[in-house]
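Note sheet for the following structure.
Please treat every number below as a calculation from the coordinates, not as lab data. Here the structure is a predicted model, which means the values were calculated and not measured. Counting neighbours? That spans all protein chains shown, and the Cβs are built from the backbone with ideal geometry, glycine included.
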Amino acid sequence: MIDVALQSALILAGSASGRQLITQLLSQVRSGATLAEAFARSGQRLPPYFLSLIEAGELGGALPQSMAHLAELQRQQLALLERIRAALIYPVMLAAVLFVTMIVLLTFVLPRFEALFAQSEAPLPLATRVVLVVGRFMTQDWWVLLGLGLIGFGLIHRWVSTPSGRQHFDGWVLMSNLTLGLPLTLNTARLLRTLGTLCQNGVPLPTALKVARGTVSNTVLAAAVQGVTSAVQAGEALSEALFKAKVFPPIAVQLAHVGEETGRFEPLLLSAAGVLEEEAQLSLQRLLAIGVPLLTIVMGAIVAALIGSVLMGLLSINDLAM
């Protein structure tokens, strides 16, 4: 049946890479490999829960249900990612336009006025002199600024690449008010959705926690999940372990507890994931609602200051002429 399904998927595949992958999977399955083994040998970079769901479905005789749950999990995560990307399009384009405007003013417009100011004996205002120096630096010594930026980025990247630096950075990202809790909310939502899907598919909770830990990108939160896994393996309830971790959002702890008490553990974990995803989207909308006007005001003020400094220089020349 699997080879028939793969053959149908091969006909429906819309890209060359997709057809190549399905052909490879079909060849592996026809040679006697399981679907999980075929995916593992495909060389594709797949999240840990992907293979675990397929393997659990094959072992439990519920592969169609496993694939349906996996498809729904992928759909939910891709939908959330697309909403985030769509929300970031406008502010990114706005920042790019304003940045290009500043570069044009500093490197093309100001040098033409500098020649005019040089012919005049009028003392220029301080703001005009500062802007002219900045413009001269941008046109003549831009490589210094670029080099310093690259060196700074390299040093920060190297620090973040170390275990200690990554832990400090992830801890700051997780708890900083500047992020409005988005990393914590998104990582917890991904964790709970994967965990609920795995448990719904018959995977034991400790095993599901080990697999779902691979979906958490924040190292501090991943360490907390490891602690929760150890506590659950020792016989502790998931809600109690989540509460003791003192990292996870209250909604995750509360709905996990209600699920344990009512026997609706998996559906309520998935409900908690949905609530957190909606909360993340609202937080992102609030962040953009504040950030876009603030970015517009700040960049507009900078552009206005540049133009104003040039006008002040022109006025000083005019005063001297009169």
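About the Cα centre, and with charges only on the beta carbon of Lys, Arg (+1) and Asp, Glu (-1), how big is the dipole of region 97-240? Nearest 20 debye, please.
Value, rounded to 20: 260 debye.
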Out of Pro111, Pro267, Pro123, a Gaussian network model of the chain with alpha-carbon springs under 10 Å gives the largest mean-square fluctuation to Pro123
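Can you check what the net charge comes to around Leu242, using other residues whose Cβ is under 12 Å from the Cβ of Leu242 (Lys, Arg +1; Asp, Glu -1)?
The answer is -1.
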One point scatterer per Cα, no solvent, Debye formula: log10 I(q)/I(0) for region 184-237 at q = 0.19, 0.20, 0.26 Å⁻¹ comes out as -0.57, -0.64, -1.02
Taking only the Cα positions of region 109-251, the convex hull volume per residue in Å³ is 166
Exposure proxy check on Val225, Val258: fewest-to-most Cβ neighbours within 10 Å is Val258, Val225
Full extension between Ser164 and Ile302 adds, at 0.36 nm per residue less the Cα distance, a length in nm of 45.9 nm
Taking only C-alpha positions in region 1-45, Rg and Dmax in angstrom work out to 9.8, 27
The answer for the chain, counting only DSSP H helices whose Cα atoms cover 20 angstrom or more along the axis and whose Kyte-Doolittle average is -1.0 or greater, is 16-30, 63-104, 126-140, 142-161, 182-200, 219-233, 265-321
Among Ser42, Val211, Leu182, the residue whose Cα sits farthest towards the positive end of the charge dipole of the chain, when +1 is placed on the Cβ of each Lys and Arg and -1 on the Cβ of each Asp and Glu, is Ser42
From fewest to most C-beta neighbours within 10 Å, the residues Val310, Val292 line up as Val292, Val310
To the nearest 20 debye, the chain has a Cα-centred charge dipole, built from +1 on Lys and Arg Cβ and -1 on Asp and Glu Cβ, of 440
Residue span Ala87 to Gln65: 0.36 nm per residue of separation minus Cα-Cα distance leaves a gain in nm of 4.6 nm
Once Ala79 and Asp3 are pulled to full extension, the length gained, defined as 0.36 nm per residue separation minus their Cα-Cα distance, is 24.4 nm
Log10 I(q)/I(0) at q = 0.08, 0.11, 0.15 Å⁻¹ for the chain, from Debye over equal alpha-carbon scatterers, is -0.59, -0.87, -1.23
A convex hull over the alpha carbons of region 257-313 yields, per residue, a volume in Å³ of 57
Candidates Asn201, Asn218, Asn177; GNM for the chain (alpha-carbon contacts under 10 Å) flags as most fluctuating Asn177
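All other residues with a Cβ under 13 Å from the Cβ of Ala272 taken together, and with Lys, Arg as +1 and Asp, Glu as -1, what is their net charge?
Within the 13 Å Cβ shell, the charges total -2.
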Of all trypsin sites (Lys or Arg not before Pro) in region 1-92, the ones in DSSP coil with at most 11 other Cβ atoms within 10 Å are Arg45
Per the helix-only model, the chain has a calculated mean residue ellipticity at 222 nm (DSSP H runs of ≥4, -39500 (n - 2.57) each, divided over all residues, rounded to the nearest 500) of -28000 deg cm²/dmol
Those GluC sites (Glu not before Pro) from region 58-165 that are DSSP loop and have at most 12 other Cβ neighbours within 10 Å turn out to be Glu121
Percent relative contact order for the chain, counting Cα pairs under 8 Å at least six residues apart, stands at 21
Once Lys and Arg are counted +1 and Asp and Glu -1 for all other residues with Cβ under 12 Å from that of Gln28, the total becomes 0
